[in-house]
There are 2 protein chains.
Amino acid sequence: MPAILINGQSAEHISVLDRGFQYGDGLFETLRVSAGKPRRWAQHMARLATGCQRLRIAMPEPTLLLSEAMSLCAGEVNGVLKIIVTRGTGERGYAPPAQAVTTRVLSLSSAVIFPAEYYRDGVSVRVCDTRLADNPALAGIKHLNRLEQVLARAEWQDKGESMQAVEGLMLDNNNNVIEGIMSNLFCVQEGGSGPVLKTPLLTHCGVKGITRENIINVAEAAGISVQETTLRLTDLYRSEELFLCNTLMGIWPVRQLEEQHFAVGPMTRQLSQALESLHD
Amino acid sequence: MPAILINGQSAEHISVLDRGFQYGDGLFETLRVSAGKPRRWAQHMARLATGCQRLRIAMPEPTLLLSEAMSLCAGEVNGVLKIIVTRGTGERGYAPPAQAVTTRVLSLSSAVIFPAEYYRDGVSVRVCDTRLADNPALAGIKHLNRLEQVLARAEWQDKGESMQAVEGLMLDNNNNVIEGIMSNLFCVQEGGSGPVLKTPLLTHCGVKGITRENIINVAEAAGISVQETTLRLTDLYRSEELFLCNTLMGIWPVRQLEEQHFAVGPMTRQLSQALESLHD
């Protein structure tokens, strides 16, 4: 059982009338915690603020969230902080209450330690049948309507086999590859004047990951050409390098996508190191 | 505060680790209650079973649900029973737990009494900007991912004006009209050999309402030609009659869609009467 603060109080239960439960009417952030502190706080708060603005949910005071997060994370060496923010409780019906009071739920769990070979040799990835539906109003933000991810992840069971897929790629209804179920995706392709780092455009679906953003930033700072663009599966199969990322995993090279194998390449290595050396 | 049973116990709070709260990983049904009994029980259970099958959630024992519903509804003259079913609590991550235990939440509220003129004169309806995304895996069932409806309903505030829209129509990304935010939609058009009753196809998005199903059934029983088909706004504007339906409202004639006015027509009247005289 994780340690949980609901609206600042130690608790584990929430009203069934909370619109997070009734409609998925809210947002979340998943943060890495080390040395007693949530990492990349400002970036996560910026995305949360964007999500709140998009859904017109009153953003909790960031200093309040920070003080609650710090008190929850105190002494945690290696953890995961999940912050859920909802529109709060309401009467029956979809109409947002005029006087909504935002609910905030902070929960701290132990971090999962991923096998070292995921980083050294890469991981195996499959392609999911479940599609991500186009919804520009919800694209990019980390909202609580996650049935597509649940259905996609339910397409296979983890049997503990070493060659088994650890992540699935999701496509939209136009056969564009968008992201992993719990991660963002990058590929490296040869361009006219050197390798180009590409990642799917997330204007119609998908979640704009904080680590995705940081990878784009460190790549551009290193003079690498970066493109947010539409990508098909055939583009991925033609790539030199392929990798996944999220806040908790950092960068996982992809060594196998369905039947095709990939080498762990130099740009993946370079960006992994650059990401690790980022402050905060 | 409604009366609530969570897994058979009188309670108002649910674990924040419930996947209904974390991901919207569940389903719901809204039933009309009269004379101490939930109405159209078998139909609601059939749809819930379809949803559970689609999401691979273990369906609660219907006899257990019924006995809980009957105990909650005892003595209720005119109420609303909402049943929420979720995949239960789980560890972090989208993967459904191998040993998931379904959560069931039953809550009973007083019914809203709708103004008599809604039935007599019809209602005013607007067209929403928020679109319904295509997702065949989730189409038809009444799942808990309802942000699209929340965003659509947030497009206008209820100011208590008599001519104000009481419902909004939602389109998909291909400009097909799908449904109301909280209702299904029918229109009547002149065919070659008499009037035809049409309602949107719900294979890619939308919720297959119980009342929609009953209207199709009573219409066919009365020899009326019924088509589930694609409908554009222009088709609606050209219609002779237009009406909305759901379990709680029954049938509301549409007297105005955006700037266009409609008469309350004979087929709407006929179907309203046929629906009311349905047993159960």
The range B:102-119, residues that are without any contact (Cβ under 8 Å) to a residue 24 or more places away in the chain and crowded, with 18+ Cβ neighbours inside 10 Å:
none
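Restricting to the range B:102-122, give me the number of residues that are closer than 30 Å to A:MET1 by Cβ and part of a loop (DSSP other than H, G, I, E, B).
The qualifying residues number 1.
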In the range B:185-193, is there at least one residue being under 30 Å from B:THR86 (Cβ atoms), modelled with pLDDT of 95 or more and crowded, with 19+ Cβ neighbours inside 10 Å?
yes
Test for A:GLU161: is it more than 10 Å from chain B (Cβ to nearest Cβ), among the acidic types (Asp, Glu) and buried (at least 16 other Cβ atoms within 10 Å of the Cβ):
no
As an exercise: evaluate B:MET163 against (1) at pLDDT 95 or above; (2) over 28 Å from A:ARG87 (Cα atoms); (3) part of a loop (DSSP other than H, G, I, E, B) and give the number of the one condition it does not meet.
(1)
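For every residue, the table says whether it meets (1) under 28 Å from B:GLU29 (Cβ atoms); (2) out of contact with any strand residue (DSSP E or B) (no Cβ under 7 Å at 6 or more places or on another chain); (3) in the same structural domain as B:ARG120 (by TED's automatic domain parsing).
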residue: B:ASN217; (1), (2), (3): yes, yes, yes
residue: B:GLN227; (1), (2), (3): yes, no, yes
residue: B:LEU233; (1), (2), (3): no, no, yes
residue: B:SER239; (1), (2), (3): no, no, yes
residue: B:CYS245; (1), (2), (3): yes, no, yes
residue: B:LEU248; (1), (2), (3): yes, no, yes
residue: B:GLN270; (1), (2), (3): yes, yes, yes
Among B:LEU201, B:LEU171, which is the only one that is within 18 Å of B:SER239 (Cα to Cα), outside the structural domain of B:ARG47 (by TED's automatic domain parsing) and surrounded by fewer than 17 Cβ atoms within 10 Å (Cβ to Cβ)?
B:LEU201
A:GLN149 being within 9 Å of chain B (Cβ to nearest Cβ) and in contact (Cβ under 8 Å) with a residue 12 or more places away in the chain
yes
A:GLY122 fails exactly one of the following numbered conditions: (1) farther than 30 Å from B:LEU108 by Cα; (2) surrounded by fewer than 17 Cβ atoms within 10 Å (Cβ to Cβ); (3) small (Gly, Ala, Ser). What is the number of that condition?
(2)
Which is among the aliphatic types (A, V, I, L, M), over 29 Å from B:GLY51 (Cα atoms) and more than 14 Å from chain A (Cβ to nearest Cβ), of B:VAL177, B:VAL188?
B:VAL188
Which residues, taken from the range B:254-270, are out of contact with any Phe, Trp or Tyr (no Cβ under 8 Å at 6 or more places or on another chain) and part of a helix (DSSP H, G or I)?
B:PRO266, B:MET267, B:ARG269, B:GLN270
State all residues of the range A:213-247 that are aliphatic (A, V, I, L, M), farther than 14 Å from A:GLU167 by Cα and surrounded by 14 or more Cβ atoms within 10 Å (Cβ to Cβ); if no residue qualifies, say none.
A:ILE215, A:ILE216, A:VAL218, A:ALA219, A:ILE224, A:VAL226, A:LEU231, A:LEU233, A:LEU236
Restricting the range B:54-101 to residues that are away from chain A (no Cβ under 14 Å) and assigned to a loop (DSSP other than H, G, I, E, B), the one surrounded by the fewest Cβ atoms within 10 Å (Cβ to Cβ) turns out to be B:GLY75
Of these, A:ALA154, A:ALA133, which one is within 14 Å of chain B (Cβ to nearest Cβ) and free of Cβ contacts under 8 Å to residues at least 12 places away in the same chain?
A:ALA154
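The values are calculated or read from the model by the stated rules, or taken from the named source; none is laboratory data. In this text the structure is predicted, and so the values were computed from the model without any measurement. Cβ: placed from backbone, ideal geometry, glycine included. Neighbour counts: every protein chain shown.
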